[in-house]
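Heads up: the structure comes next, in C-alpha coordinates.
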2 protein chains.
Amino acid sequence: MFNVPEAHPRYKSLTKREKLVTGLEAGITSRQGLIAHGRGEAFDYLIGERTLNSAKRATEAAAALLLTAKKPVISVNGNVAALVPEKVIELSELLNAPLEVNIFYWTGERVRKIKEHLEQHGAAHVLGDKAEARIPGITHARAKADREGIFSADVVLAPLEDGDRCEALIKMGKKVIAIDLNPVSRTSRHATVSIVDDIERALENLISGIKEMKKSSRKEWLLEKFDNQGNLRAVIQEIVERLKELKEFDTV
Amino acid sequence: MFNVPEAHPRYKSLTKREKLVTGLEAGITSRQGLIAHGRGEAFDYLIGERTLNSAKRATEAAAALLLTAKKPVISVNGNVAALVPEKVIELSELLNAPLEVNIFYWTGERVRKIKEHLEQHGAAHVLGDKAEARIPGITHARAKADREGIFSADVVLAPLEDGDRCEALIKMGKKVIAIDLNPVSRTSRHATVSIVDDIERALENLISGIKEMKKSSRKEWLLEKFDNQGNLRAVIQEIVERLKELKEFDTV
(Lines give C-alpha, C1' and ligand atoms only; values in the text may rest on other atoms or scores of the structure.)
Protein backbone atom coordinates (compact mmCIF):
# COMPACT_ATOMS: atom_id res chain seq x y z
CA MET A 1 0.00 0.00 0.00
CA PHE A 2 1.27 3.45 -0.90
CA ASN A 3 1.88 5.35 2.34
CA VAL A 4 0.03 8.64 2.39
CA PRO A 5 1.76 11.16 4.71
CA GLU A 6 -0.50 11.91 7.71
CA ALA A 7 0.04 15.65 7.29
CA HIS A 8 -1.55 15.61 3.82
CA PRO A 9 -4.76 17.68 3.84
CA ARG A 10 -6.55 14.84 2.04
CA TYR A 11 -5.00 12.11 4.24
CA LYS A 12 -8.22 10.32 5.17
CA SER A 13 -9.64 10.39 1.68
CA LEU A 14 -6.39 9.25 0.05
CA THR A 15 -5.92 6.44 2.58
CA LYS A 16 -9.37 5.11 1.73
CA ARG A 17 -8.51 5.09 -1.97
CA GLU A 18 -5.28 3.23 -1.26
CA LYS A 19 -7.19 0.62 0.77
CA LEU A 20 -9.54 0.03 -2.16
CA VAL A 21 -6.71 -0.17 -4.67
CA THR A 22 -4.96 -2.69 -2.41
CA GLY A 23 -8.28 -4.54 -2.15
CA LEU A 24 -8.50 -4.66 -5.92
CA GLU A 25 -4.99 -6.14 -6.15
CA ALA A 26 -5.94 -8.74 -3.53
CA GLY A 27 -9.07 -9.72 -5.48
CA ILE A 28 -11.44 -8.41 -2.79
CA THR A 29 -12.72 -5.17 -4.31
CA SER A 30 -14.22 -4.97 -7.79
CA ARG A 31 -13.34 -2.33 -10.35
CA GLN A 32 -16.96 -1.22 -10.35
CA GLY A 33 -16.54 -0.87 -6.57
CA LEU A 34 -13.90 1.79 -7.21
CA ILE A 35 -16.37 3.75 -9.36
CA ALA A 36 -19.04 3.41 -6.66
CA HIS A 37 -16.56 4.73 -4.10
CA GLY A 38 -15.97 7.77 -6.30
CA ARG A 39 -19.70 8.51 -6.29
CA GLY A 40 -19.61 8.34 -2.50
CA GLU A 41 -16.63 10.72 -2.40
CA ALA A 42 -18.59 13.32 -4.34
CA PHE A 43 -21.54 13.13 -1.95
CA ASP A 44 -19.23 13.16 1.08
CA TYR A 45 -17.70 16.36 -0.26
CA LEU A 46 -21.19 17.84 -0.62
CA ILE A 47 -22.13 17.05 2.99
CA GLY A 48 -18.82 18.56 4.15
CA GLU A 49 -17.06 15.28 5.02
CA ARG A 50 -18.61 15.25 8.50
CA THR A 51 -21.45 13.45 10.27
CA LEU A 52 -24.64 15.46 9.90
CA ASN A 53 -27.19 15.68 12.71
CA SER A 54 -29.59 13.72 10.52
CA ALA A 55 -26.99 10.92 10.29
CA LYS A 56 -26.63 10.95 14.08
CA ARG A 57 -30.39 10.50 14.44
CA ALA A 58 -30.37 7.65 11.88
CA THR A 59 -27.46 5.99 13.67
CA GLU A 60 -29.37 6.10 16.97
CA ALA A 61 -32.38 4.51 15.30
CA ALA A 62 -30.12 1.89 13.69
CA ALA A 63 -28.59 1.04 17.08
CA ALA A 64 -32.06 0.63 18.57
CA LEU A 65 -33.17 -1.54 15.65
CA LEU A 66 -30.14 -3.82 15.87
CA LEU A 67 -30.48 -4.18 19.66
CA THR A 68 -34.16 -5.11 19.43
CA ALA A 69 -33.66 -7.51 16.47
CA LYS A 70 -34.22 -11.22 16.93
CA LYS A 71 -31.77 -12.20 14.22
CA PRO A 72 -29.59 -9.37 12.96
CA VAL A 73 -27.08 -10.04 10.15
CA ILE A 74 -24.32 -7.77 8.84
CA SER A 75 -23.83 -7.84 5.08
CA VAL A 76 -20.25 -7.32 3.86
CA ASN A 77 -19.27 -6.55 0.27
CA GLY A 78 -15.85 -5.95 -1.29
CA ASN A 79 -15.60 -2.26 -0.45
CA VAL A 80 -16.75 -2.80 3.14
CA ALA A 81 -14.20 -5.59 3.62
CA ALA A 82 -11.40 -3.46 2.18
CA LEU A 83 -12.28 -0.25 4.04
CA VAL A 84 -13.48 -1.27 7.52
CA PRO A 85 -12.80 -4.96 8.29
CA GLU A 86 -12.04 -4.30 12.00
CA LYS A 87 -15.20 -2.27 12.48
CA VAL A 88 -17.66 -4.79 11.02
CA ILE A 89 -16.00 -7.50 13.10
CA GLU A 90 -16.29 -5.41 16.29
CA LEU A 91 -19.95 -4.78 15.50
CA SER A 92 -20.55 -8.47 14.80
CA GLU A 93 -19.12 -9.41 18.23
CA LEU A 94 -21.01 -6.66 20.02
CA LEU A 95 -24.33 -7.80 18.56
CA ASN A 96 -23.54 -11.49 18.37
CA ALA A 97 -24.60 -11.22 14.72
CA PRO A 98 -22.91 -13.07 11.86
CA LEU A 99 -21.16 -11.36 8.98
CA GLU A 100 -22.31 -12.49 5.54
CA VAL A 101 -20.29 -11.88 2.39
CA ASN A 102 -22.75 -10.53 -0.12
CA ILE A 103 -21.34 -9.14 -3.35
CA PHE A 104 -22.87 -7.70 -6.49
CA TYR A 105 -20.30 -8.95 -9.01
CA TRP A 106 -20.38 -12.46 -7.64
CA THR A 107 -17.65 -15.06 -8.08
CA GLY A 108 -16.99 -17.92 -5.72
CA GLU A 109 -13.33 -16.95 -5.63
CA ARG A 110 -14.01 -13.38 -4.56
CA VAL A 111 -16.42 -14.53 -1.82
CA ARG A 112 -13.74 -16.89 -0.52
CA LYS A 113 -11.08 -14.17 -0.58
CA ILE A 114 -13.30 -11.72 1.31
CA LYS A 115 -14.13 -14.40 3.88
CA GLU A 116 -10.43 -15.17 4.36
CA HIS A 117 -9.62 -11.46 4.61
CA LEU A 118 -12.20 -11.05 7.39
CA GLU A 119 -10.94 -14.17 9.19
CA GLN A 120 -7.37 -12.86 9.01
CA HIS A 121 -8.67 -9.77 10.77
CA GLY A 122 -10.16 -11.95 13.51
CA ALA A 123 -13.72 -12.67 12.36
CA ALA A 124 -15.07 -15.90 13.86
CA HIS A 125 -18.40 -16.29 12.08
CA VAL A 126 -18.51 -15.44 8.37
CA LEU A 127 -21.29 -16.74 6.13
CA GLY A 128 -21.79 -16.37 2.40
CA ASP A 129 -19.56 -19.01 0.81
CA LYS A 130 -22.30 -21.63 0.99
CA ALA A 131 -25.16 -19.33 0.08
CA GLU A 132 -27.76 -21.75 -1.30
CA ALA A 133 -30.92 -19.68 -0.75
CA ARG A 134 -32.17 -17.04 -3.18
CA ILE A 135 -33.60 -13.58 -2.51
CA PRO A 136 -36.84 -13.53 -4.55
CA GLY A 137 -37.18 -10.95 -7.32
CA ILE A 138 -33.49 -10.70 -8.18
CA THR A 139 -31.86 -12.45 -11.09
CA HIS A 140 -28.47 -14.12 -11.31
CA ALA A 141 -25.84 -14.76 -8.71
CA ARG A 142 -26.43 -11.58 -6.80
CA ALA A 143 -29.66 -13.11 -5.41
CA LYS A 144 -27.59 -15.59 -3.37
CA ALA A 145 -28.05 -15.53 0.39
CA ASP A 146 -27.27 -17.89 3.24
CA ARG A 147 -30.36 -19.65 4.60
CA GLU A 148 -29.03 -19.22 8.15
CA GLY A 149 -27.94 -15.64 7.49
CA ILE A 150 -29.50 -12.83 5.45
CA PHE A 151 -32.26 -15.11 4.11
CA SER A 152 -33.78 -15.67 7.56
CA ALA A 153 -32.66 -12.44 9.27
CA ASP A 154 -35.23 -9.96 10.56
CA VAL A 155 -32.83 -6.98 10.46
CA VAL A 156 -30.02 -6.63 7.90
CA LEU A 157 -27.30 -4.03 8.20
CA ALA A 158 -26.37 -3.55 4.55
CA PRO A 159 -23.68 -0.91 4.09
CA LEU A 160 -23.04 0.26 0.50
CA GLU A 161 -25.89 -1.92 -0.76
CA ASP A 162 -27.32 -2.08 -4.28
CA GLY A 163 -30.78 -0.54 -4.75
CA ASP A 164 -32.39 -3.65 -6.29
CA ARG A 165 -31.28 -5.87 -3.46
CA CYS A 166 -32.30 -3.38 -0.79
CA GLU A 167 -35.79 -3.26 -2.27
CA ALA A 168 -35.97 -7.06 -2.52
CA LEU A 169 -34.99 -7.49 1.15
CA ILE A 170 -37.65 -4.98 2.19
CA LYS A 171 -40.22 -6.90 0.10
CA MET A 172 -39.25 -10.04 2.01
CA GLY A 173 -40.46 -8.22 5.15
CA LYS A 174 -37.02 -7.51 6.57
CA LYS A 175 -35.88 -4.26 8.10
CA VAL A 176 -32.83 -2.88 6.33
CA ILE A 177 -30.30 -0.41 7.69
CA ALA A 178 -28.41 1.24 4.84
CA ILE A 179 -25.16 3.19 5.04
CA ASP A 180 -25.00 5.17 1.80
CA LEU A 181 -23.61 8.65 1.12
CA ASN A 182 -26.17 9.32 -1.60
CA PRO A 183 -29.41 10.53 0.03
CA VAL A 184 -31.36 10.10 -3.22
CA SER A 185 -30.17 6.61 -4.15
CA ARG A 186 -32.77 3.85 -4.37
CA THR A 187 -31.06 2.18 -1.42
CA SER A 188 -31.44 5.27 0.78
CA ARG A 189 -35.02 5.76 -0.37
CA HIS A 190 -36.11 2.20 0.33
CA ALA A 191 -34.22 1.26 3.49
CA THR A 192 -35.95 1.25 6.89
CA VAL A 193 -33.16 3.38 8.35
CA SER A 194 -30.75 5.19 6.01
CA ILE A 195 -27.51 6.48 7.49
CA VAL A 196 -26.16 9.04 5.02
CA ASP A 197 -22.57 9.10 6.16
CA ASP A 198 -19.14 7.80 5.34
CA ILE A 199 -18.94 4.12 6.29
CA GLU A 200 -16.04 4.56 8.69
CA ARG A 201 -17.65 7.44 10.56
CA ALA A 202 -21.03 5.67 10.54
CA LEU A 203 -19.72 2.39 11.96
CA GLU A 204 -17.73 4.19 14.68
CA ASN A 205 -20.86 6.05 15.74
CA LEU A 206 -22.97 2.92 15.49
CA ILE A 207 -20.58 0.96 17.72
CA SER A 208 -20.48 3.65 20.41
CA GLY A 209 -24.25 4.15 20.11
CA ILE A 210 -24.90 0.44 20.66
CA LYS A 211 -22.59 0.37 23.69
CA GLU A 212 -24.41 3.33 25.23
CA MET A 213 -27.88 2.08 24.42
CA LYS A 214 -27.50 -1.55 25.46
CA LYS A 215 -29.28 -1.13 28.77
CA SER A 216 -31.41 1.82 27.82
CA SER A 217 -35.19 1.71 27.78
CA ARG A 218 -35.34 4.36 25.04
CA LYS A 219 -34.99 1.90 22.18
CA GLU A 220 -38.66 1.45 21.27
CA TRP A 221 -39.32 5.14 21.72
CA LEU A 222 -36.38 6.04 19.43
CA LEU A 223 -37.63 3.69 16.75
CA GLU A 224 -41.15 4.99 16.96
CA LYS A 225 -40.25 8.64 16.54
CA PHE A 226 -37.72 8.06 13.74
CA ASP A 227 -38.83 9.35 10.32
CA ASN A 228 -36.54 8.07 7.58
CA GLN A 229 -38.01 10.14 4.73
CA GLY A 230 -37.95 13.31 6.83
CA ASN A 231 -34.37 12.55 7.75
CA LEU A 232 -33.37 12.15 4.10
CA ARG A 233 -35.00 15.48 3.31
CA ALA A 234 -32.88 17.03 6.05
CA VAL A 235 -29.72 15.66 4.40
CA ILE A 236 -30.73 17.09 1.03
CA GLN A 237 -31.42 20.44 2.69
CA GLU A 238 -27.91 20.40 4.21
CA ILE A 239 -26.42 19.81 0.75
CA VAL A 240 -28.51 22.64 -0.68
CA GLU A 241 -27.24 25.01 2.03
CA ARG A 242 -23.66 23.99 1.43
CA LEU A 243 -23.98 24.47 -2.33
CA LYS A 244 -25.42 27.93 -1.77
CA GLU A 245 -22.36 28.78 0.33
CA LEU A 246 -20.03 27.38 -2.33
CA LYS A 247 -21.83 29.42 -4.95
CA GLU A 248 -21.07 32.68 -3.19
CA PHE A 249 -17.47 31.78 -2.48
CA ASP A 250 -15.21 32.81 -5.37
CA THR A 251 -11.78 31.28 -5.00
CA VAL A 252 -10.33 33.01 -8.02
CA MET B 1 -15.79 -5.76 -23.07
CA PHE B 2 -19.03 -6.81 -21.43
CA ASN B 3 -21.89 -5.98 -23.80
CA VAL B 4 -24.52 -3.85 -22.13
CA PRO B 5 -27.94 -4.29 -23.81
CA GLU B 6 -28.98 -1.04 -25.53
CA ALA B 7 -32.44 -1.26 -23.98
CA HIS B 8 -31.04 -1.02 -20.44
CA PRO B 9 -32.21 2.21 -18.78
CA ARG B 10 -28.61 2.93 -17.66
CA TYR B 11 -27.09 1.91 -21.04
CA LYS B 12 -24.94 5.02 -21.55
CA SER B 13 -23.66 5.08 -18.01
CA LEU B 14 -22.90 1.35 -17.93
CA THR B 15 -21.13 1.48 -21.30
CA LYS B 16 -18.82 4.21 -20.01
CA ARG B 17 -17.94 2.08 -17.00
CA GLU B 18 -17.19 -0.88 -19.23
CA LYS B 19 -14.91 1.28 -21.41
CA LEU B 20 -12.95 2.35 -18.33
CA VAL B 21 -12.70 -1.20 -17.00
CA THR B 22 -11.44 -2.33 -20.42
CA GLY B 23 -9.02 0.61 -20.33
CA LEU B 24 -7.75 -0.55 -16.96
CA GLU B 25 -7.15 -4.05 -18.31
CA ALA B 26 -5.29 -2.58 -21.29
CA GLY B 27 -3.06 -0.50 -19.01
CA ILE B 28 -4.51 2.83 -20.22
CA THR B 29 -6.75 3.87 -17.34
CA SER B 30 -5.56 4.05 -13.74
CA ARG B 31 -7.45 2.65 -10.77
CA GLN B 32 -7.63 6.15 -9.33
CA GLY B 33 -9.15 7.14 -12.68
CA LEU B 34 -12.07 4.81 -11.94
CA ILE B 35 -12.67 6.57 -8.60
CA ALA B 36 -12.51 9.96 -10.34
CA HIS B 37 -15.07 8.73 -12.86
CA GLY B 38 -17.39 7.79 -9.99
CA ARG B 39 -17.19 11.34 -8.64
CA GLY B 40 -18.15 12.57 -12.09
CA GLU B 41 -21.10 10.16 -12.22
CA ALA B 42 -22.48 11.61 -8.98
CA PHE B 43 -22.30 15.17 -10.32
CA ASP B 44 -23.76 14.10 -13.67
CA TYR B 45 -26.70 12.61 -11.80
CA LEU B 46 -27.13 15.90 -9.91
CA ILE B 47 -27.23 17.95 -13.13
CA GLY B 48 -29.75 15.49 -14.59
CA GLU B 49 -27.39 13.76 -17.08
CA ARG B 50 -28.02 16.43 -19.69
CA THR B 51 -26.20 19.47 -21.07
CA LEU B 52 -27.18 22.56 -19.09
CA ASN B 53 -27.61 25.95 -20.75
CA SER B 54 -24.58 27.13 -18.80
CA ALA B 55 -22.55 24.30 -20.36
CA LYS B 56 -23.78 25.31 -23.82
CA ARG B 57 -22.56 28.87 -23.19
CA ALA B 58 -19.19 27.60 -21.94
CA THR B 59 -18.87 25.33 -24.97
CA GLU B 60 -19.47 28.29 -27.31
CA ALA B 61 -16.80 30.29 -25.49
CA ALA B 62 -14.44 27.29 -25.67
CA ALA B 63 -15.02 26.96 -29.42
CA ALA B 64 -14.25 30.66 -29.87
CA LEU B 65 -11.11 30.39 -27.73
CA LEU B 66 -9.80 27.38 -29.63
CA LEU B 67 -10.49 29.00 -33.02
CA THR B 68 -8.68 32.24 -32.06
CA ALA B 69 -5.74 30.42 -30.44
CA LYS B 70 -2.29 30.63 -32.02
CA LYS B 71 -1.17 27.27 -30.67
CA PRO B 72 -3.93 25.14 -29.19
CA VAL B 73 -3.09 21.74 -27.69
CA ILE B 74 -5.45 18.99 -26.52
CA SER B 75 -4.40 17.20 -23.36
CA VAL B 76 -5.36 13.51 -23.14
CA ASN B 77 -5.26 11.41 -19.97
CA GLY B 78 -6.17 7.77 -19.39
CA ASN B 79 -9.89 8.29 -18.88
CA VAL B 80 -10.17 10.57 -21.92
CA ALA B 81 -8.33 8.02 -24.10
CA ALA B 82 -10.56 5.18 -22.88
CA LEU B 83 -13.86 7.05 -23.13
CA VAL B 84 -13.64 9.28 -26.21
CA PRO B 85 -10.63 8.47 -28.42
CA GLU B 86 -12.52 9.17 -31.70
CA LYS B 87 -13.76 12.52 -30.49
CA VAL B 88 -10.43 13.97 -29.36
CA ILE B 89 -8.93 12.84 -32.66
CA GLU B 90 -11.72 14.52 -34.65
CA LEU B 91 -11.21 17.70 -32.65
CA SER B 92 -7.46 17.55 -33.17
CA GLU B 93 -7.92 17.33 -36.95
CA LEU B 94 -10.55 20.05 -37.00
CA LEU B 95 -8.28 22.49 -35.14
CA ASN B 96 -4.99 21.22 -36.53
CA ALA B 97 -3.92 20.92 -32.90
CA PRO B 98 -1.77 18.11 -31.52
CA LEU B 99 -2.91 15.68 -28.85
CA GLU B 100 -0.59 15.37 -25.86
CA VAL B 101 -0.71 12.45 -23.47
CA ASN B 102 -0.63 14.00 -20.03
CA ILE B 103 -1.31 11.70 -17.08
CA PHE B 104 -1.34 12.19 -13.34
CA TYR B 105 -0.05 8.75 -12.31
CA TRP B 106 2.82 8.89 -14.76
CA THR B 107 4.69 5.90 -16.09
CA GLY B 108 6.52 5.74 -19.42
CA GLU B 109 4.71 2.53 -20.22
CA ARG B 110 1.24 3.97 -19.69
CA VAL B 111 2.07 7.03 -21.82
CA ARG B 112 3.24 4.73 -24.61
CA LYS B 113 0.11 2.58 -24.35
CA ILE B 114 -2.19 5.60 -24.49
CA LYS B 115 -0.28 6.96 -27.48
CA GLU B 116 -0.58 3.60 -29.30
CA HIS B 117 -4.28 3.41 -28.41
CA LEU B 118 -4.86 6.85 -29.98
CA GLU B 119 -2.81 5.94 -33.05
CA GLN B 120 -4.81 2.73 -33.50
CA HIS B 121 -7.90 4.95 -33.56
CA GLY B 122 -6.31 7.03 -36.34
CA ALA B 123 -4.45 9.81 -34.53
CA ALA B 124 -1.58 11.22 -36.60
CA HIS B 125 0.08 13.62 -34.18
CA VAL B 126 0.41 12.49 -30.56
CA LEU B 127 2.93 14.13 -28.22
CA GLY B 128 3.81 13.29 -24.63
CA ASP B 129 6.17 10.33 -24.82
CA LYS B 130 9.22 12.60 -25.11
CA ALA B 131 8.01 15.22 -22.64
CA GLU B 132 11.28 16.84 -21.52
CA ALA B 133 9.96 20.21 -20.32
CA ARG B 134 8.53 20.83 -16.87
CA ILE B 135 5.47 22.83 -15.82
CA PRO B 136 6.78 25.12 -13.03
CA GLY B 137 5.29 24.76 -9.54
CA ILE B 138 4.44 21.06 -9.79
CA THR B 139 6.54 18.30 -8.31
CA HIS B 140 7.35 14.88 -9.72
CA ALA B 141 6.55 13.28 -13.03
CA ARG B 142 3.16 14.88 -13.40
CA ALA B 143 4.94 18.18 -14.23
CA LYS B 144 6.13 16.69 -17.53
CA ALA B 145 5.10 18.48 -20.71
CA ASP B 146 6.25 18.48 -24.30
CA ARG B 147 8.22 21.62 -25.23
CA GLU B 148 6.45 21.70 -28.61
CA GLY B 149 3.07 20.89 -27.07
CA ILE B 150 1.46 21.95 -23.80
CA PHE B 151 4.61 23.74 -22.61
CA SER B 152 4.48 26.32 -25.41
CA ALA B 153 0.72 26.30 -26.11
CA ASP B 154 -1.35 29.44 -25.62
CA VAL B 155 -4.64 27.54 -25.18
CA VAL B 156 -4.88 24.08 -23.61
CA LEU B 157 -8.03 21.98 -23.75
CA ALA B 158 -7.62 19.88 -20.60
CA PRO B 159 -10.57 17.54 -20.05
CA LEU B 160 -10.74 15.82 -16.63
CA GLU B 161 -7.69 17.75 -15.45
CA ASP B 162 -6.16 17.78 -11.98
CA GLY B 163 -6.62 21.02 -9.99
CA ASP B 164 -2.91 21.59 -9.28
CA ARG B 165 -1.95 21.27 -12.90
CA CYS B 166 -4.80 23.47 -14.07
CA GLU B 167 -3.65 26.21 -11.69
CA ALA B 168 -0.02 25.82 -12.77
CA LEU B 169 -0.93 26.16 -16.47
CA ILE B 170 -2.93 29.32 -15.71
CA LYS B 171 0.08 30.72 -13.79
CA MET B 172 2.20 30.12 -16.90
CA GLY B 173 -0.12 32.56 -18.68
CA LYS B 174 -2.02 29.97 -20.68
CA LYS B 175 -5.73 29.86 -21.21
CA VAL B 176 -7.22 26.59 -20.05
CA ILE B 177 -10.51 25.02 -21.11
CA ALA B 178 -11.66 22.47 -18.55
CA ILE B 179 -14.29 19.76 -18.99
CA ASP B 180 -15.21 18.72 -15.46
CA LEU B 181 -18.56 17.62 -14.02
CA ASN B 182 -17.77 19.10 -10.61
CA PRO B 183 -18.60 22.83 -10.68
CA VAL B 184 -16.78 23.43 -7.39
CA SER B 185 -13.56 21.56 -8.16
CA ARG B 186 -10.34 23.53 -8.18
CA THR B 187 -10.05 22.81 -11.88
CA SER B 188 -13.47 24.32 -12.62
CA ARG B 189 -12.75 27.29 -10.37
CA HIS B 190 -9.39 28.12 -11.95
CA ALA B 191 -9.89 27.38 -15.64
CA THR B 192 -10.47 30.18 -18.15
CA VAL B 193 -13.53 28.38 -19.51
CA SER B 194 -15.10 25.54 -17.50
CA ILE B 195 -17.49 23.23 -19.30
CA VAL B 196 -19.46 21.42 -16.60
CA ASP B 197 -20.69 18.50 -18.64
CA ASP B 198 -20.06 14.87 -19.38
CA ILE B 199 -16.96 14.56 -21.59
CA GLU B 200 -18.78 12.79 -24.44
CA ARG B 201 -21.62 15.31 -24.58
CA ALA B 202 -19.16 18.21 -24.19
CA LEU B 203 -16.86 17.10 -27.02
CA GLU B 204 -19.80 16.44 -29.37
CA ASN B 205 -21.08 19.96 -28.73
CA LEU B 206 -17.61 21.44 -29.00
CA ILE B 207 -17.02 19.78 -32.37
CA SER B 208 -20.33 20.97 -33.83
CA GLY B 209 -19.80 24.44 -32.28
CA ILE B 210 -16.37 24.76 -33.90
CA LYS B 211 -17.75 23.70 -37.30
CA GLU B 212 -20.51 26.29 -37.06
CA MET B 213 -18.30 29.07 -35.78
CA LYS B 214 -15.32 28.65 -38.10
CA LYS B 215 -16.26 31.53 -40.37
CA SER B 216 -18.23 33.53 -37.84
CA SER B 217 -17.21 37.02 -36.74
CA ARG B 218 -18.81 36.49 -33.32
CA LYS B 219 -15.78 34.83 -31.76
CA GLU B 220 -14.24 37.87 -30.03
CA TRP B 221 -17.65 39.07 -28.93
CA LEU B 222 -18.49 35.66 -27.44
CA LEU B 223 -15.23 35.55 -25.53
CA GLU B 224 -15.67 39.06 -24.22
CA LYS B 225 -19.14 38.51 -22.83
CA PHE B 226 -18.37 35.10 -21.29
CA ASP B 227 -18.30 35.07 -17.47
CA ASN B 228 -16.86 31.81 -16.15
CA GLN B 229 -17.60 32.43 -12.47
CA GLY B 230 -21.15 33.50 -13.23
CA ASN B 231 -21.56 30.42 -15.36
CA LEU B 232 -20.36 28.14 -12.55
CA ARG B 233 -22.83 29.80 -10.18
CA ALA B 234 -25.58 29.00 -12.69
CA VAL B 235 -24.57 25.31 -12.64
CA ILE B 236 -24.68 25.22 -8.84
CA GLN B 237 -28.10 26.87 -8.92
CA GLU B 238 -29.33 24.16 -11.31
CA ILE B 239 -28.13 21.47 -8.90
CA VAL B 240 -29.84 23.24 -5.99
CA GLU B 241 -33.13 23.33 -7.93
CA ARG B 242 -32.85 19.66 -8.81
CA LEU B 243 -32.13 18.69 -5.22
CA LYS B 244 -35.17 20.65 -4.06
CA GLU B 245 -37.29 18.67 -6.52
CA LEU B 246 -35.75 15.38 -5.36
CA LYS B 247 -36.46 16.38 -1.76
CA GLU B 248 -40.18 16.68 -2.42
CA PHE B 249 -40.39 13.47 -4.40
CA ASP B 250 -41.02 10.49 -2.12
CA THR B 251 -40.51 7.25 -4.02
CA VAL B 252 -41.59 5.06 -1.15
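The values are calculated or read from the model by the stated rules, or taken from the named source; none is laboratory data. Worth saying up front: this structure is predicted, and the values here are computed from it rather than measured. A quick note on method: Cβ atoms are made from the backbone with ideal geometry, for glycine too, and the neighbour counts reach across all protein chains shown. Just so you know, the surface numbers come from the protein's heavy atoms only, side chains and all, with ligands and any DNA or RNA stripped out. Shrake-Rupley method; radii C 1.70, N 1.55, O 1.52, S 1.80 Å.
Let me confirm one metric for peptide A:230-239, namely the mean number of other chain beta-carbon atoms within 10 Å of its residues' beta-carbons.
Details: counts 0, 0, 4, 4, 1, 2, 6, 3, 0, 6.
The per-residue average across the peptide is 3.
Give the accessible area for B:GLU220 in Å² (nearest 10); use a 1.4 Å probe, count only protein heavy atoms, and leave out ligands, DNA and RNA.
Its accessible surface works out to 110 Å², give or take rounding.
For the cross-link pairs B:LYS16/B:LYS130; B:LYS175/B:LYS247; A:LYS244/B:LYS115, which exceed 32 Å when the distance is taken from alpha carbon to alpha carbon?
B:LYS175/B:LYS247; A:LYS244/B:LYS115, as the Cα separations exceed 32 Å there.
List, shortest first and in nm to one decimal, how far the label point of A:ILE170 (7 Å from Cα along Cα→Cβ) is from its counterparts in the other copies.
Label-point distances to the other copies, shortest first: 4.2 nm.
Compute the label-point distances linking A:GLU109 to its equivalents in the other copies; points lie 7 Å from Cα along Cα→Cβ; give nm, one decimal, shortest first.
Those separations, rounded to one decimal, come out as 2.0 nm.
What does DSSP give for the protein assembly as shown in terms of the percent of beta bridges that are antiparallel, rounded to the nearest 5?
Restricted to the protein assembly as shown, the bridges split so that about 10 percent are antiparallel.
For A:LYS211, go through the aspartates and glutamates and keep the ones whose alpha-carbon is under 19 Å away, minus same-chain ones fewer than eight residues off.
In chain and number order, the partners are A:GLU60, A:GLU86, A:GLU90, A:GLU93, A:GLU200, A:GLU220.
Each residue of the range A:54-64 in order: what ³J(HN,Hα) in whole Hz does its phi give by Karplus 6.51 cos²θ - 1.76 cosθ + 1.60, θ = phi - 60°, with x for Gly and Pro?
4, 5, 5, 4, 5, 5, 4, 4, 5, 4, 4
Could you tell me which of rounded, prolate or oblate describes the range A:16-174, using a ≥ b ≥ c as the square roots of the eigenvalues of the alpha-carbon gyration tensor, with rounded for a/c under 1.5 and, failing that, prolate when a/b is larger than b/c and oblate otherwise?
Here the range A:16-174 falls in the rounded category.
Counting only other chains, what is the mean number of Cβ atoms within 10 angstrom of the Cβ of each residue in peptide A:240-247?
Mean inter-chain Cβ contacts per residue within 10 Å come to 5.
On average, how many beta carbons from a partner chain sit within 10 Å of the beta carbon of a residue in A:41-49?
4
Could you give the size of the charge dipole of the range A:53-119 about its Cα centre, using +1 on the Cβ of each K and R and -1 on the Cβ of each D and E, expressed in debye and rounded to the nearest 20?
220
Shortest first and in nm with one decimal, please list how far the B:ARG10 label point sits from its counterparts in the other copies (point 7 Å along Cα→Cβ).
Label point to label point, same position, other copies: 2.5 nm.
Name the residues whose placed amide hydrogens come within less than 5 Å of the amide hydrogen of B:PHE226, ignoring near sequence neighbours (fewer than 5 apart) on the same chain.
none
Might you report the magnitude of the Cβ-based charge dipole of the range A:158-252 about its Cα centre, with Lys and Arg at +1 and Asp and Glu at -1, to the nearest 20 debye?
580
Based on the Cβ-Cβ distance of A:LYS12 and B:LYS12, what FRET efficiency does E = 1/(1 + (r/R0)^6) give at R0 = 25 Å, to the nearest 0.05?
On the way: r = 32 Å, r/R0 = 1.30.
Given R0 = 25 Å and the Cβ-Cβ separation, E is 0.15.
If amide H atoms are built 1.01 Å from N in the plane of the peptide, which residues on other chains or at least 5 residues away come under 5 Å of the amide H of A:VAL76?
A:GLU100, A:VAL101, A:ASN102
Give the percent of DSSP beta bridges with both residues in chain B that are antiparallel, rounded to the nearest 5. Intermediate values should be presented prior to the final figure.
Working: 2 of 18 bridges.
Of all bridge pairs located within chain B, approximately 10 percent are antiparallel.
Please list, in chain and number order, the residues 5+ apart from A:LYS71 or on another chain whose amide H is under 5 Å from its amide H, with Hs placed from the backbone.
Here the answer is A:ASP154, A:VAL155, since their amide H atoms fall under 5 Å of that of A:LYS71.
Enumerate the calculated ³J(HN,Hα) couplings along the range A:140-149 in order (Karplus 6.51 cos²θ - 1.76 cosθ + 1.60, θ = phi - 60°), each rounded to whole Hz, writing x wherever the residue is Gly or Pro.
Computed from phi, the couplings for the range A:140-149 are 6, 5, 6, 7, 4, 8, 7, 4, 8, x Hz.
Would you kindly state how much longer the chain becomes between B:GLN229 and B:GLU248 on full extension, computed as 0.36 nm times their sequence separation minus their alpha carbon distance, in nm to one decimal?
3.9 nm
Take A:GLU86 and A:THR107, extend 7 Å from each Cα along the Cα→Cβ direction, and tell me the distance between the two endpoints in nm.
Each label point lies 7 Å from its Cα, and together they span 3.0 nm.
Counting Lys and Arg as +1 and Asp and Glu as -1, each charge on the Cβ, what is the dipole of the protein assembly as shown about the Cα centre in debye, to the nearest 20? It would help to have the intermediate numbers written out before the result.
Working: 78 positive and 74 negative charges, 38 e Å.
With Lys and Arg at +1 and Asp and Glu at -1, about 180 debye.
Report, for the range A:63-181, the % of DSSP beta bridges that are antiparallel, rounded to 5.
If I count the DSSP bridges inside the range A:63-181, around 15 percent turn out antiparallel.
Ranked highest first by the average count of other Cβ atoms within 10 Å around their residues, in what order do A:75-84, B:140-149 fall?
Taking the mean over residues of other Cβ atoms within 10 Å, the ranking is A:75-84, B:140-149.
What ranking, highest mean first, results for peptides A:50-62, A:222-234, A:27-39 when packing means the other Cβ atoms within 10 Å averaged over each residue?
Descending mean neighbour count gives A:27-39, A:50-62, A:222-234.
Subtract the Cα-Cα distance of A:ALA141 and A:GLU241 from 0.36 nm times their separation in residues, and report this length gain in nm to one decimal. The partial results should precede the final answer.
Working: separation 100, 0.36 × 100 = 36.00 nm, distance 4.12 nm.
31.9 nm is the gain from fully extending A:ALA141 to A:GLU241.
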